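Below: the structure, in structure tokens.
The values are calculated or read from the model by the stated rules, or taken from the named source; none is laboratory data. Here the structure is a predicted model, which means the values were calculated and not measured. As a convention, Cβ positions derive from the backbone with ideal geometry for all residues, glycine included, and neighbour counts pool all protein chains shown.
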């Protein structure tokens with residue numbers, strides 16, 4: 001049997017990738033306000049000029065960090081949605097995705113809520129608003145797919161469960177909060193479907 005060819009080496013991370021990885025690690029663990037730019041640069045192993053050439057400012061780096069958190073959560077949710085075709089299962093799987101996040105070592109709550117509380121500003125609020133609009137739109141769309149009569153209302157209720165479970169998982173150190181939120185979401189969905197059948 002022929003020897004297996006060695007895998008091609010991974011390309012070296014760009015300065016942007018290294019800065020974002022360092023920002024993600026430090027900002028999430030310690031806070032965007034607490035962590036200075038010099039620590040991010042040191043952790044990334046790049047020159048200070050690389051940060052300013054790539055992002056322009058700390059505020060832009062914070063926005064890029066939050067956008068990367070948004071993208072990763074969207075990918076996580078998509079992975080959990082993918083196996084299901086039944087609209088009910090798809091909606092409930094969103095809370096399974098959240099539970100997977102809560103169980104990760106180093107989970108410290110919602111990055112967007114933390115950044116908004118620590119360092120409010122136009123760019124942080126914009127990135128946080130986009131993330132929250134995505135969550136609300138996702139839940140409302142899944143509620144509509146499930147056939148409820150008022151998907152916007154159910155979407156708002158589910159969004160409150162999403163927020164509450166994240167806070168509970170962080171403040172109480174309880175990854176099981178996502179399972180409780182999932183059970184509550186199931187009850188709300190069943191009630192909304194039953195209400196439609198009786199009207």
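List of remarks:
- Answer from 184, 113 - the residue that is closer than 15 Å to residue 73 by Cβ, assigned by TED's automatic domain parsing to the domain that holds residue 82, without any contact (Cβ under 8 Å) to a residue 60 or more places away in the chain and out of contact with any strand residue (DSSP E or B) (no Cβ under 7 Å at 6 or more places or on another chain): 113
- Test for residue 126: is it buried (at least 19 other Cβ atoms within 10 Å of the Cβ) and assigned to a helix (DSSP H, G or I): no
- Scoring residue 83 on the criteria (1) in a helix (DSSP H, G or I); (2) over 15 Å from the mean Cα position of the chain (by Cα) leaves a single failure, condition (1).
- Of all residues making up segment 158-174, the number that are surrounded by fewer than 17 Cβ atoms within 10 Å (Cβ to Cβ) and either within 16 Å of the chain's Cα centre (by Cα) or on the phi > 0 side of the Ramachandran plot (or both): 5
- Looking only at segment 17-66, residues that are over 15 Å from residue 114 (Cβ atoms) and in a helix (DSSP H, G or I) come to 26 in all.
- Residue 91 surrounded by 14 or more Cβ atoms within 10 Å (Cβ to Cβ), within 17 Å of residue 182 (Cα to Cα), outside the structural domain of residue 17 (by TED's automatic domain parsing) and in contact (Cβ under 8 Å) with a residue 12 or more places away in the chain: yes
- Residue 143 vs. criteria surrounded by 15 or more Cβ atoms within 10 Å (Cβ to Cβ) and over 25 Å from residue 26 (Cβ atoms): yes
- Residue check for residue 135: in the same structural domain as residue 101 (by TED's automatic domain parsing), surrounded by 14 or more Cβ atoms within 10 Å (Cβ to Cβ) and not in a helix (DSSP H, G or I): no
- Boolean, residue 177 is surrounded by fewer than 14 Cβ atoms within 10 Å (Cβ to Cβ), within 18 Å of residue 92 (Cβ to Cβ), out of contact with any strand residue (DSSP E or B) (no Cβ under 7 Å at 6 or more places or on another chain) and at pLDDT 95 or above: no
- Here residue 150 meets the list (1) under 25 Å from residue 18 (Cα atoms); (2) touching a residue at least 12 places away in the same chain (Cβ under 8 Å) almost entirely, failing just condition (1).
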